[in-house]
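S.K.: One structure follows; several queries about it will come next.
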Amino acid sequence: MYRNQQGVEVSAPLLCLLNAERALCLITRRRFLGQSALTAAASLAPAALAQSLPQTAPAAKAGVIPNLDPTTLTPFVDPLPLPPVAQPIEHRPAPGNPGEKVPFYRVSMRAITAKLHRDLPPTHLWSYGGSVPGPTFDTRSGQGVLIEWANELPAKHFLPIDHNLHGAEKSTPEVRGVVHLHGGKSPPESDGYPEDWYIPGQSRTYYYPNRQQPALLWYHDHTMGINRLNIYAGMMGLFLIRDAVEDALNLPAGKYEVPLVIMDRDLRVDGQLSYPVSPDPERPWVPEAFGEAHLVNGKLFPYLDVEPRKYRFRILNGANGRFYRLSLSGTPDLYQIGTDQGLLPAPVALKYLQLAPGERADIVIDFAPHRGSQITLESDAFTLMQLRVSSSTVPDSSALPAALRPVERIPESSAIQTRRLTLDEQMNGVAESMGMLLNKTPWHMPITEKPVLNTCEIWELVNLTEDVHPIHLHMVRFQILDRRRFDDFEYMTTGKLRHIAPATPPEANEMGWKDTARVNAKTVTRIIVPFIGYPGRYVWHCHILEHEDNEMMRPYEILPA
Ligand code: C2O
Ligand code: CU
Ligand code: CU
């Protein structure tokens, strides 16, 4: 039995009948991802970072290596690692323009071991180029790059594949890879379509034309049905695009510009990755994976020595499913200067920074007033890292300009079409979640979204579930128009969309260009999307990787103009 929005108990079969035009029972549950992450955080004793050796978790099953309680590790003993900067091996003719020579890189996907903490044994990971995160690409707007992504992974996977998921059947090879540049305006053949995976021994060369504004992008695995496992294993890295306009702003640069890739993992007491599984060994998929060990650039509780001056941090939430809510102890001023797709019009002062999986933020912090202090970066009750501000006096010629880069708001009137697309949860007969869907349509169904190149559309994302889903569209950037609560029960029973609250504009730090947007529970989130770039087949999906791997992803096709 369930209670509907009005608190009336209804049986699952009745709801199915109410929803007769569908074969699926769509019932929302009392679950809210942002919230569950927060409650999980709250149950941990804050700052209780005991100075002891790893201990075993209490509920250890016989034969199963228990998970590590990361708070038993000594914090702040490892310096924050910085991912290496990728170096081209040669220059090659640009595809479609042989007169132009572009840098050519080669990156292999391969198994590595890495120390996640001084007191842990090395951890088995899968990497791009030998580190997690992989090498950072530092590129210029308008200057394309070629990257050969070589699959040199081992023959067996080391995380629990669910062969019931579409695209991960027993008949498909266990180990597969395909790379997607998240936020990149890439031609379709270089976008890493989930079905374009290839096996160890094979490689693909992708072209990234970089015809887009400066931003922090990231590359990661996108393999159909196992993307959550490949990324959990470590397959991700950063990709920066810069230009002269941004350079002229004189933001903190060089060693004062620091990337932070934040992600959570569960580790066993032997230091190895532990990915959660369901109680059914035949169907190990779980609807969400939250870890207790928070890695920053691949380390647990690292520290960073900083000077008392301004720093620019380029932050990625690279977690499978966790929403971070970042803040600093001692309340130094935190300014957000950029979103997923580049600079905001002006800095936005923040108390805390909320980042959904896949989202990025460009941040400036001035440590000048905090000479000699130790500041921790936290997410609710979790400690992520420490910043040690030296007590010297240093010159700082960098700027935090009051005006950054104009972002013209796209008028709604420029949209030629509005699509209403639902986010749904699929339940089985006994009311267990079978996973999430977009527009009640699984991946393999014919393409329904076919915007025309160089036109603009409004996508109304109607979230019928009780989770926040970060929705990401490939190839395009968009703006958030507004969010508005509606009566989900009425919508599910009658198909009528009735708003129950006024529309709220995007938050100040969402007023720039985005490629991933939080779509809140029981809320309609409207985005306006100019389909500019390349015609062809792309995807859009939820960036909670467990959802994405289990049907919360759809192809879409941009038709030629
Ligand atoms: Cu970050 Cu489709 O990806
Ligand atoms: Cu993407
Ligand atoms: Cu989702």
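The values are calculated or read from the model by the stated rules, or taken from the named source; none is laboratory data. Note that this is a predicted model, so its numbers are computed, not measured. Every residue, glycine as well, gets a Cβ built from its backbone with ideal geometry; the counts of neighbours run over all protein chains shown. When the accessible area is computed, the model is the full protein with side chains, heavy atoms only, and any ligands, DNA or RNA have been set aside. Shrake-Rupley method; radii C 1.70, N 1.55, O 1.52, S 1.80 Å.
S.K.: Of everything in the range 269-281 that's in a loop (DSSP other than H, G, I, E, B) and among the aliphatic types (A, V, I, L, M), which residue is nearest to LEU229 (Cα to Cα)? Before the answer, list the steps.
M.R.: From the range 269-281, those in a loop (DSSP other than H, G, I, E, B) are 269-272, 275-281; that's our starting set.
Imposing the further condition that a residue be among the aliphatic types (A, V, I, L, M) reduces the set to 269, 277.
Numbers: VAL269: 20, VAL277: 12 Å.
Among those residues, the one meeting the criterion is VAL277.
S.K.: Now for a separate question. GLU546 - would you say it is away from ligand 2 (no atom under 16 Å from the Cβ), among the acidic types (Asp, Glu) and closer than 22 Å to PRO406 by Cβ? Don't jump to the end; show me each part of the working.
M.R.: Values: away from ligand 2 (no atom under 16 Å from the Cβ): yes; among the acidic types (Asp, Glu): yes; closer than 22 Å to PRO406 by Cβ: no.
In short, no.
S.K.: Using beta carbons and a limit of 7 Å, which pairs, at least six apart or on different chains, have the first residue in the range 169-181 and touching a residue at least 12 places away in the same chain (Cβ under 8 Å) and the second one polar (S, T, N, Q)?
M.R.: ARG176/THR223; GLY177/ASN151; GLY177/THR223; GLY177/ASN230; VAL178/THR223
S.K.: Oh, and also: Here's a check for you: in the range 411-423, which residue that is surrounded by 18 or more Cβ atoms within 10 Å (Cβ to Cβ) and of a type in the set (A, V, I, L, M) is farthest from ligand 1 (Cβ to nearest atom)? Give the steps one after another, and end with the answer.
M.R.: Going through the range 411-423, the residues surrounded by 18 or more Cβ atoms within 10 Å (Cβ to Cβ) turn out to be 415, 421-423.
If we keep only those that are of a type in the set (A, V, I, L, M) as well, we get 415, 421, 423.
On the way: ALA415: 23, LEU421: 16, LEU423: 16 Å.
My answer is ALA415.
S.K.: Go through (1) open to solvent by 10 Å² or more (accessible area, probe 1.4 Å); (2) within 16 Å of ligand 1 (Cβ to nearest atom); (3) farther than 23 Å from ARG360 by Cα and name the single condition PRO173 misses.
M.R.: Status for PRO173: all satisfied but (2).
S.K.: Say whether the condition of being among the charged types (D, E, K, R), modelled with pLDDT under 95 and over 30 Å from GLN212 (Cβ atoms) is met by at least one residue in the range 257-267. Let's see the steps before the verdict.
M.R.: So in the range 257-267, the residues among the charged types (D, E, K, R) come out as 257, 264-266.
Still in the running and modelled with pLDDT under 95: none.
Checking the range 257-267: not a single residue is among the charged types (D, E, K, R), modelled with pLDDT under 95 and over 30 Å from GLN212 (Cβ atoms).
Table: residues versus (1) over 23 Å from LEU300 (Cα atoms); (2) open to solvent by 10 Å² or more (accessible area, probe 1.4 Å); (3) within 16 Å of ligand 1 (Cβ to nearest atom).
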position	(1), (2), (3)
HIS163	yes, yes, no
ARG204	yes, yes, no
PRO209	yes, no, no
TRP218	no, no, yes
SER274	no, yes, no
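S.K.: Among the residues of the range 424-469, write down those that are open to solvent by 30 Å² or more (accessible area, probe 1.4 Å), of a type in the set (A, V, I, L, M, F, W, C) and modelled with pLDDT of 95 or more.
M.R.: MET445, ILE447, VAL452
S.K.: Go through (1) of a type outside the set (D, E, K, R); (2) under 14 Å from the mean Cα position of the chain (by Cα); (3) not in a strand (DSSP E or B) and name the single condition PRO284 misses.
M.R.: With respect to (1) of a type outside the set (D, E, K, R); (2) under 14 Å from the mean Cα position of the chain (by Cα); (3) not in a strand (DSSP E or B), PRO284 is out only on (2).
S.K.: Pull up the range 321-335, narrow it to residues that are more than 18 Å from HIS543 (Cβ to Cβ), out of contact with any Pro (no Cβ under 7 Å at 6 or more places or on another chain) and assigned to a strand (DSSP E or B), then point me to the one that is modelled with the lowest pLDDT.
M.R.: So, considering only residues that are more than 18 Å from HIS543 (Cβ to Cβ), out of contact with any Pro (no Cβ under 7 Å at 6 or more places or on another chain) and assigned to a strand (DSSP E or B), the one modelled with the lowest pLDDT is LEU334.
S.K.: From the list THR376, THR393, THR331, THR418, which residue is closer than 30 Å to PHE489 by Cβ and either polar (S, T, N, Q) or free of Cβ contacts under 8 Å to residues at least 60 places away in the same chain (or both)? Outline the logic, then answer.
M.R.: Numbers: THR376 fails: closer than 30 Å to PHE489 by Cβ; THR393 fails: closer than 30 Å to PHE489 by Cβ; THR331 fails: closer than 30 Å to PHE489 by Cβ.
THR418 is the lone residue from the list that is closer than 30 Å to PHE489 by Cβ and either polar (S, T, N, Q) or free of Cβ contacts under 8 Å to residues at least 60 places away in the same chain (or both).
S.K.: Examine the range 256-268 for a residue that is in contact (Cβ under 8 Å) with a residue 40 or more places away in the chain, part of a loop (DSSP other than H, G, I, E, B) and open to solvent by 10 Å² or more (accessible area, probe 1.4 Å), and state whether such a residue exists.
M.R.: For the range 256-268, residues in contact (Cβ under 8 Å) with a residue 40 or more places away in the chain, part of a loop (DSSP other than H, G, I, E, B) and open to solvent by 10 Å² or more (accessible area, probe 1.4 Å): absent.
S.K.: Quick one: which residue in TYR128, TYR198, TYR193 is of a type outside the set (Gly, Ala, Ser) and buried (at least 23 other Cβ atoms within 10 Å of the Cβ)? If you could, list the steps in order and put the result at the bottom.
M.R.: Working: TYR198 fails: buried (at least 23 other Cβ atoms within 10 Å of the Cβ); TYR193 fails: buried (at least 23 other Cβ atoms within 10 Å of the Cβ).
That would be TYR128, the only listed residue that is of a type outside the set (Gly, Ala, Ser) and buried (at least 23 other Cβ atoms within 10 Å of the Cβ).
S.K.: Go through the residues of the range 400-422 one by one and say whether even a single one is modelled with pLDDT of 95 or more, of a type in the set (S, T, N, Q) and within 30 Å of VAL245 (Cα to Cα).
M.R.: First, pick out the residues of the range 400-422 that are modelled with pLDDT of 95 or more: 400-422.
Still in the list and also of a type in the set (S, T, N, Q): 413-414, 417-418, 422.
Among the residues that remain, those that are also within 30 Å of VAL245 (Cα to Cα) are: 413-414.
Within the range 400-422, one or more residues are modelled with pLDDT of 95 or more, of a type in the set (S, T, N, Q) and within 30 Å of VAL245 (Cα to Cα).
S.K.: Among the residues of the range 365-396, how many are under 31 Å from the mean Cα position of the chain (by Cα) and open to solvent by 40 Å² or more (accessible area, probe 1.4 Å)?
M.R.: Restricting attention to the range 365-396, the residues satisfying the condition of being under 31 Å from the mean Cα position of the chain (by Cα) are 365-367, 374-389.
Next cut, open to solvent by 40 Å² or more (accessible area, probe 1.4 Å) only: 366, 374, 378, 380, 388.
Total meeting the criteria: 5.
S.K.: Right, here's the next one. Would you confirm whether or not the range 463-471 contains a residue that is in contact with a helix residue (DSSP H, G or I) (Cβ under 8 Å, 6 or more places away or on another chain) and within 16 Å of ligand 1 (Cβ to nearest atom)?
M.R.: Taking every residue of the range 463-471 in turn, at least one turns out to be in contact with a helix residue (DSSP H, G or I) (Cβ under 8 Å, 6 or more places away or on another chain) and within 16 Å of ligand 1 (Cβ to nearest atom).
S.K.: Residues that are in contact (Cβ under 8 Å) with a residue 60 or more places away in the chain, surrounded by 24 or more Cβ atoms within 10 Å (Cβ to Cβ) and over 21 Å from TRP513 (Cβ atoms): does the range 310-321 have at least one?
M.R.: Looking for residues that are in contact (Cβ under 8 Å) with a residue 60 or more places away in the chain, surrounded by 24 or more Cβ atoms within 10 Å (Cβ to Cβ) and over 21 Å from TRP513 (Cβ atoms), one finds at least one in the range 310-321, hence yes.
S.K.: LEU559 versus (1) open to solvent by 30 Å² or more (accessible area, probe 1.4 Å); (2) at pLDDT 95 or above; (3) farther than 17 Å from ARG419 by Cβ: which is the lone unmet condition?
M.R.: (3)
S.K.: Then there is this: Would you point out which residue out of PRO75, PRO93 is over 17 Å from LEU295 (Cα atoms) and either touching a strand residue (DSSP E or B) at 6+ places or on another chain (Cβ under 7 Å) or at pLDDT below 95 (or both)?
M.R.: Numbers: PRO75 fails: over 17 Å from LEU295 (Cα atoms).
Going through PRO75, PRO93 in turn, just one is over 17 Å from LEU295 (Cα atoms) and either touching a strand residue (DSSP E or B) at 6+ places or on another chain (Cβ under 7 Å) or at pLDDT below 95 (or both): PRO93.
S.K.: Considering only residues that are open to solvent by less than 30 Å² (accessible area, probe 1.4 Å) and touching an Asp or Glu at 6+ places or on another chain (Cβ under 8 Å), look in the range 131-161 and name the one that is farthest from THR205 (Cα to Cα). Write out each step before concluding.
M.R.: Taking the range 131-161 as the starting set, the residues that turn out to be open to solvent by less than 30 Å² (accessible area, probe 1.4 Å) are 131-137, 139, 144-147, 149-151, 153, 157, 159, 161.
Filter once more, so that each one left must be touching an Asp or Glu at 6+ places or on another chain (Cβ under 8 Å): 144, 157, 161.
On the way: GLY144: 13, HIS157: 24, ILE161: 27 Å.
Only one residue fits best here, namely ILE161.
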